[in-house]
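A short worksheet on the structure shown next.
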Amino acid sequence: MKIEIDDKIKHVYVWLTKEESKDSLVMEEIKPMLDEYKDNKYKLIVFHSGEGDLIELTKGLLSHNKNLALNNTV
C-alpha cells in the first residue's frame, strides 16, 4: 500500500495491490485516517490494481476519451 497526501489541492491518494484490495482488514486499518481527511474536506482517491493488460486497457481508454472529445467539439 502506498499513501500520498497533497495538502495543496487537498487530495489523498491510496494505491492498493490486488491482495490488499481483497483484504477487508486493510481498509479497516486505514479507515480512521481516511475519515479524518474526509472530515477536513480532502478528496479521497483509492486505486486498486487490476487484472487486465495495462497497455491494451490504456489504449482503449485513450481512444474512448479522444472520441468523446471529438464528439463534444462544435
Positions within the stretch 44-61 being small (Gly, Ala, Ser) and in contact with a helix residue (DSSP H, G or I) (Cβ under 6 Å, 6 or more places away or on another chain), in sequence order: Ser49
Residues located in the stretch 44-74, provided they are surrounded by 11 or more Cβ atoms within 10 Å (Cβ to Cβ) and either polar (S, T, N, Q) or in a strand (DSSP E or B) (or both): Leu44, Ile45, Val46, Phe47, His48, Ser49, Thr58
Matching residues, the stretch 1-43, being open to solvent by less than 60 Å² (accessible area, probe 1.4 Å) and either among the small types (Gly, Ala, Ser) or in contact with a helix residue (DSSP H, G or I) (Cβ under 8 Å, 6 or more places away or on another chain) (or both): Val12, Val14, Leu16, Glu20, Ser21, Val26
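The values are calculated or read from the model by the stated rules, or taken from the named source; none is laboratory data. Because the structure is predicted, anything quoted here is derived from the model rather than measured. A quick note on method: Cβ atoms are made from the backbone with ideal geometry, for glycine too, and the neighbour counts reach across all protein chains shown. The area values use the complete protein model at the heavy-atom level, side chains included, leaving out ligands, DNA and RNA. Shrake-Rupley method; radii C 1.70, N 1.55, O 1.52, S 1.80 Å.
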